[in-house]
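The values are calculated or read from the model by the stated rules, or taken from the named source; none is laboratory data. This one's a predicted model, so the numbers in the text were calculated from it and none came from an experiment. Using ideal geometry, Cβ is built from the backbone for each residue, glycine included, and neighbour counts are taken over all protein chains shown. The protein model used for the area step is the full one, side chains on, heavy atoms only, and it has no ligands, DNA or RNA in it. Shrake-Rupley method; radii C 1.70, N 1.55, O 1.52, S 1.80 Å.
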Amino acid sequence: MIIVKNVIKKYSTRQGLRTILDDVSFTVSAGEKIGILGRNGAGKSTLIRLISGAERPTSGFVSRELSVSWPLAFGGAFQGSLTGLDNLRFICRVYGKSTEDKIDYVQEFSELGKYLREPVKNYSSGMRARLAFAISMVIDFDCFLIDEVISVGDARFHAKCQEELFVKRADKALIIVSHEMHNIRDHCNRVGVLISGKMYFFNDIDEAYSYYLKESS
């Protein structure tokens, strides 16, 4: 289970402290699929970073009894001077996994070819995203974090990502943040609506979307 308890997150701005998340609490059970709806700037990505451990809350806590991915297709944690292959090796060491049996999969899935052995700083943003997604798939996480539904590459590659994540890993927990309802409807069975830093949960997706539209207008 993942427990988010009384989480408050504030950032310093030129106008003073700004509260992004205000006393947010919820749990995620093994295999559960949760969607988070919110407008741009509502704090969805901040929440994902807190759950992943990339940031710490100002107060409250996040407890992780499930292993949690980094936000899928996020390549911001790569070491740019290292090759894609060296980044794969480094990440596997962090998670206590072997590397050699994963190289072929990452090279094939990411479609990087010879560029897997080139420094990541020379990659385009799409190449970094494809590498990040491929590496995410070779680590056996219990819960995958999705900051907007994967839209890496062309339609063919996008479909491949959907198959890999939503079909082959249907037993895994998911937390999807989005401002587009169809992404939540397709994959989630519980929805949180993030409005002015507060989180409101609904078991009925249509009810959640109606509330989201009403409060966001």
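Before moving on, here are some points about what is shown:
- Surface exposure of the chain, expressed per residue as accessible area with a 1.4 Å probe, stands at 49 Å².
- Length added when fully stretched, residue 82-residue 203, from 0.36 nm per residue minus Cα-Cα: 39.1 nm
- Expected 222 nm ellipticity per residue - DSSP helices of 4 or more, -39500 (n - 2.57), all of the chain, to 500: -9500 deg cm²/dmol
- Placing +1 on the Cβ of every Lys and Arg and -1 on the Cβ of every Asp and Glu, with no other charges, gives the chain a dipole of roughly 780 debye about its Cα centre.
- For the chain, relative contact order (Cα pairs under 8 Å, six or more residues apart, normalised by length) works out to 29 percent.
- On Cα atoms only, tilt of 125-138 relative to the major axis of the chain in degrees: 90 degrees
- The chain: angle of helix 205-216 to the longest principal axis, Cα-based, in degrees nearest 10: 70 degrees
- Solvent-accessible area, 1.4 Å probe, carbon plus sulfur percent, for the chain: 47 percent
- For residue 197, net neighbour charge (Lys/Arg +1, Asp/Glu -1) across residues whose Cβ lies under 11 Å away: +2
- Environment charge at residue 216 (Cβ cut-off 14 Å; Lys +1, Arg +1, Asp -1, Glu -1): +2
- Each peptide in 138-144, 52-58 was scored by the mean count of other Cβ atoms within 10 Å over its residues; highest first, the order is 138-144, 52-58.
- DSSP bridge pairs, the chain: antiparallel proportion in percent, nearest 5: 55 percent
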